[in-house]
Amino acid sequence: MAQEQIQEQQQTLSLRQTQSITQQQLLQAQLIELPITQLLERVNAEMDDNPALEVNTDEEPEFTEFSENAENPESPDDYEQEQRQSALDVALESIGRDDEDLPVYHDGQNYHEERDEMVYGETQSFYDQLKEQMGVLDLNQRQQYIMEYLIGSLDDDGLLHKSLDSISDELAIYHSIDATPQEIETVLRHLQEFDPAGIGGRSLQECLMLQIERRSPSHLRDLMRQVIQDHYTEFTKKHWKKIQQALGLSDLQADTLMKELRKLNPKPGASMGEAVGRSMQQITPDFIIDTQDDGTVTFQLNAGEIPELHISQSFTDTLREYQDNKEHMSRQMKEALLYTKKKVDAAQGFIEAIKVRRHTLSLTMKAIIQWQHRYFEEGDEALLRPMILKDIAEKTGLDLSTISRVSNSKYAQTRWGTFPLRHFFSDSYVTAQGDELSTRKIKAALHDLIDAEDKQNPFSDEALGKLLAEKGYPIARRTVAKYREQLGIPIARLRK
């Protein structure tokens, strides 16, 4: 006999905490995350979508200003300005990792705390600057068209990675111009005379040769040309001893030659007005920070072209009129009332979200300035104290995710340059003795040690750890390796 299955249902009472987010909170979070340029696009889109939103032409745009004269917090010791690994060295290291005809170029500055010069305001594009130089050449209309096509075919690094045969085919197929590779090369030679030197090189080797040919005639230039032309393989592998022996140079001569070769730029396109090597968009700072001579630090939120918004008077009057006649409204009037109320509520919610964004950004920047006051006074990165998102969240009383949204994609214009907000944040490293050290300081000390090492006998990670401990930074070997990788510095055997 089959065993009878009995299903029993029980009802229990439990207490559970859940969290839900409203549409208004979601809107506020979205606007807080947007940088000013994207916020302007969102405001314009909202005005197009909601006729209840209008520009308030009676009031001036609001600017939030903060001034502080707080006591200077404890700051780390000074250290010299960080020096970066040669961009050429990093470019050479990438050769052979990918297709040999298309080497991958790195800028050697790939850790998140780097100090960049950001471009903001009006600027010429990479393309426009080259076209401007094209204007001084005596080219016929056909050559001008080929030149413009060549300029448009350059990669972000300023090099031409397309073959001339491919460009010849593209001109014939898409532009009905029957140009031979030889004719295109003649125009390319003109392009390669443009500034900066190295533009239009079809390989790293040609790019470097173009730069060497621009130098004044000298024995050193002849040696540089000989290295790139006859000993390029040894050069890419950094076999300096072999090059020295082949050229019959003394140690001093070889060292001088190596230093001059390291000055060559593997990415000439990145040195032009825009940061083309990063395809970086034009930067508009969200915060304008000013430091007075007496140490007072003030800031304003950049309102840009964002207008002050208010509710359309016609919508307000219509809503009031409908509400006063609720008892005698037809179905059509009720639908109009619902539509009007929906648009007015959406407009009020959007205006409120803009105000919340302004308040949140002001509160966050105020806390950052208080925390990093010494840095904003003097502009020395050594004065940046360890500061993480949680510190600012606790100081402002805002949620950690809110501080993260504020810090993403926002830029601050200071007396010392324009930086992403993340630049002012730095992790800390707690030693076994409980001392808190700035990872930025440790990385700077590590970079200085590597920069000063004997290039023929570079330090291992273990040796670097011991040297850092002597400088007051007792960190483990694996931590040394992690920071070295974050700085974009290769292991010891690749630094020879």
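The values are calculated or read from the model by the stated rules, or taken from the named source; none is laboratory data. As the structure is a computational prediction, the values presented were derived from the model and not from experiment. Cβ: placed from backbone, ideal geometry, glycine included. Neighbour counts: every protein chain shown. These area figures cover heavy atoms from the full protein model, side chains too; ligands, DNA and RNA do not enter into them. Shrake-Rupley method; radii C 1.70, N 1.55, O 1.52, S 1.80 Å.
Every listed requirement among (1) open to solvent by 70 Å² or more (accessible area, probe 1.4 Å); (2) assigned to a helix (DSSP H, G or I) is met by residue 305 save one, (2). Checking the structure you have, find out if any residue of region 210-218 is modelled with pLDDT under 90 and of a type in the set (Val, Ile, Thr). Checked against the condition, which is being modelled with pLDDT under 90 and of a type in the set (Val, Ile, Thr), region 210-218 yields no hits at all. The set of residues from region 185-226 being closer than 13 Å to residue 149 by Cβ and in contact with an Asp or Glu (Cβ under 9 Å, 6 or more places away or on another chain) comprises just one member, 200. Based on this model, can you work out whether residue 380 counts as closer than 30 Å to residue 417 by Cα, of a type outside the set (Gly, Ala, Ser), open to solvent by 20 Å² or more (accessible area, probe 1.4 Å) and modelled with pLDDT under 85? In short, yes. Considering each residue of region 168-183 in turn, none proves to be closer than 22 Å to residue 129 by Cα and surrounded by fewer than 16 Cβ atoms within 10 Å (Cβ to Cβ). Note on region 332-352: among residues that are open to solvent by 70 Å² or more (accessible area, probe 1.4 Å) and under 30 Å from residue 393 (Cβ atoms), the one that is farthest from the chain's Cα centre (by Cα) is 348.
Please tell me if residue 144 is at pLDDT 85 or above and open to solvent by less than 20 Å² (accessible area, probe 1.4 Å).
no
For region 454-487, a tally of residues being part of a loop (DSSP other than H, G, I, E, B), open to solvent by 20 Å² or more (accessible area, probe 1.4 Å) and closer than 26 Å to residue 241 by Cα returns 6. Any residue at all in region 114-130 that's of a type in the set (D, E, K, R), within 32 Å of the chain's Cα centre (by Cα) and at pLDDT 80 or above? No, region 114-130 contains no residue that is of a type in the set (D, E, K, R), within 32 Å of the chain's Cα centre (by Cα) and at pLDDT 80 or above.
Within region 399-418, if we keep just the residues that are surrounded by fewer than 20 Cβ atoms within 10 Å (Cβ to Cβ) and of a type in the set (A, V, I, L, M, F, W, C), the residue that is modelled with the highest pLDDT turns out to be 400.
Conditions (1) more than 22 Å from residue 39 (Cβ to Cβ); (2) without any contact (Cβ under 8 Å) to a residue 60 or more places away in the chain; (3) of a type in the set (Val, Ile, Thr), marked per residue:
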{"position": "363", "(1), (2), (3)": "no, yes, no"}
{"position": "370", "(1), (2), (3)": "yes, no, no"}
{"position": "373", "(1), (2), (3)": "yes, no, no"}
{"position": "377", "(1), (2), (3)": "yes, no, no"}
{"position": "398", "(1), (2), (3)": "no, yes, no"}
{"position": "409", "(1), (2), (3)": "no, no, no"}
{"position": "423", "(1), (2), (3)": "no, no, no"}
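In region 246-263, the residues that are closer than 19 Å to residue 210 by Cβ reach residues that are modelled with pLDDT under 90 and part of a loop (DSSP other than H, G, I, E, B) with C-beta atoms within less than 6 angstrom, at least six apart or across chains, in these pairs: 262/86. Residues in region 425-453 that are open to solvent by 20 Å² or more (accessible area, probe 1.4 Å) and at pLDDT 80 or above: 4 in all.
Listed by first and then second residue, the pairs linking a residue in region 219-244 that is in contact (Cβ under 8 Å) with a residue 40 or more places away in the chain to a residue that is open to solvent by 40 Å² or more (accessible area, probe 1.4 Å), with Cβ atoms under 6 Å apart and 6 or more places separating them unless they lie on different chains, are 236/95. Is at least one residue of region 187-203 modelled with pLDDT under 90, surrounded by fewer than 19 Cβ atoms within 10 Å (Cβ to Cβ) and under 17 Å from residue 263 (Cβ atoms)? For region 187-203, residues modelled with pLDDT under 90, surrounded by fewer than 19 Cβ atoms within 10 Å (Cβ to Cβ) and under 17 Å from residue 263 (Cβ atoms): present.
Scanning region 222-242 for residues being of a type in the set (D, E, K, R) and within 12 Å of residue 256 (Cβ to Cβ) gives a total of 0. With respect to residue 355, determine if the residue is in a helix (DSSP H, G or I) and either open to solvent by less than 30 Å² (accessible area, probe 1.4 Å) or at pLDDT below 90 (or both). Judged against the criteria, residue 355 is not a match. A Cβ distance below 9 Å, combined with a sequence gap of six or more or placement on separate chains, defines the contacts here; from region 330-350, residues that are more than 10 Å from residue 52 (Cα to Cα) and charged (D, E, K, R) reach residues that are open to solvent by less than 50 Å² (accessible area, probe 1.4 Å) and in a helix (DSSP H, G or I) in the pairs 334/322. Looking across 370, 323, 313, one residue alone is open to solvent by 70 Å² or more (accessible area, probe 1.4 Å) and modelled with pLDDT of 80 or more. It is 313.
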